[in-house]
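Step one of this worksheet: look at the structure below.
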Amino acid sequence: MALCVIPARGGSKRIPNKNARPFHGKPMICWSIEAALKSECFEQIIVSTDSDEIASIASSAGASVPFRRPAELSDDYAPTIAVVNHAVEMVVQGVETHSEMPVCCLYATAPFVVSADIQAGLEKLSGHDFVIPVTTYAHPIQRAVKVSDSGFLEMFDAEAYAVRSQDLEEAWHDCGQFYWGTVKAWARGESPYSARSAALPIPRWRVQDIDTEEDWLRAERLFSALTATSQ
């Protein structure tokens with residue numbers, strides 16, 4: 001038995017109502033639900049939301065919405081781990097006896113997630129607390145710069161300026177698509193970034209975080225390009 005939890009509150013600030021906003025012909029959340037269904041990994045696909053609109057969309061797309069997320073877990077500061085644990089407690093009978101049950105937190109704004117990656121994550125979970133999809137930075141993070149209030153540039157690590165880029169250690173970042181973890185790992189409430197977590201590499205061209213209008217526009221153009229090349 002495996003459970004999918006899709007957090008999808010209705011109060012997004014930077015992109016209003018982004019979980020329900022149309023993206024290439026359907027509400028954004030539908031892309032995640034369809035990938036979860038196609039993966040055939042889950043006994044239940046649960047959407048955790050405080051929004052009646054999102055609940056209706058999710059139900060029509062094939063997910064279950066057996067509860068409404070409480071207000072204290074629906075503001076800008078609610079941690080994902082707490083939302084996942086609340087969903088597990090709401091839908092799993094006898095949580096203590098299901099401590100090794102796989103639970104996937106799948107984000108509602110992940111139109112580039114594919115079912116094969118979800119399946120690969122589940123397969124890799126054995127022997128780990130979490131599996132996290134990651135991808136490489138396009139530019140060496142050691143060469144990052146910041147802009148002062150006066151508009152001047154300053155390197156975060158000035159010593160890296162004289163180092164050849166090929167000699168700098170490659171850095172990775174979370175793809176922001178999904179996380180696999182066991183019930184007991186989620187329940188600990190600790191950061192999933194640890195020696196007990198496994199990495200699932202994803203190519204950069206299938207990764208785009210969507211937090212701002214600029215992100216949304218980039219995602220639309222990337223999706224269009226990927227769709228065109230697959231036809």
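The values are calculated or read from the model by the stated rules, or taken from the named source; none is laboratory data. Since this is a predicted model, take the numbers as computed values, not measurements. Cβ: placed from backbone, ideal geometry, glycine included. Neighbour counts: every protein chain shown. Note: areas computed on protein heavy atoms with side chains; ligands, DNA, RNA excluded. Shrake-Rupley method; radii C 1.70, N 1.55, O 1.52, S 1.80 Å.
Values computed for the structure shown
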item: Filter result for Thr182 (closer than 23 Å to Val207 by Cβ, among the β-branched types (Val, Ile, Thr) and in contact with a Pro (Cβ under 8 Å, 6 or more places away or on another chain)); result: no
item: Unique match (being surrounded by 12 or more Cβ atoms within 10 Å (Cβ to Cβ), over 14 Å from Ala199 (Cβ atoms) and in contact with a Lys or Arg (Cβ under 8 Å, 6 or more places away or on another chain)) among Ala160, Ala138, Ala144; result: Ala160
item: Yes/no for Ser126 being among the hydroxyl-bearing types (Ser, Thr, Tyr) and either open to solvent by less than 30 Å² (accessible area, probe 1.4 Å) or more than 23 Å from Asp174 (Cα to Cα) (or both); result: no
item: Positions within segment 44-78 being in a loop (DSSP other than H, G, I, E, B) and either under 15 Å from Ile33 (Cα atoms) or over 19 Å from the mean Cα position of the chain (by Cα) (or both), in sequence order; result: Ser51, Gly62, Ala63, Val65, Pro66, Phe67, Pro70
item: For Phe112: the one exception among (1) of a type in the set (Phe, Trp, Tyr); (2) modelled with pLDDT of 95 or more; (3) in contact with a strand residue (DSSP E or B) (Cβ under 8 Å, 6 or more places away or on another chain); result: (3)
item: Among the candidates Asp52, Asp76, residue that is closer than 16 Å to Asn17 by Cβ, surrounded by fewer than 15 Cβ atoms within 10 Å (Cβ to Cβ) and at pLDDT 95 or above; result: Asp52
item: Among (1) assigned to a strand (DSSP E or B); (2) within 30 Å of Ala20 (Cα to Cα); (3) open to solvent by less than 50 Å² (accessible area, probe 1.4 Å), the one test that His173 misses; result: (3)
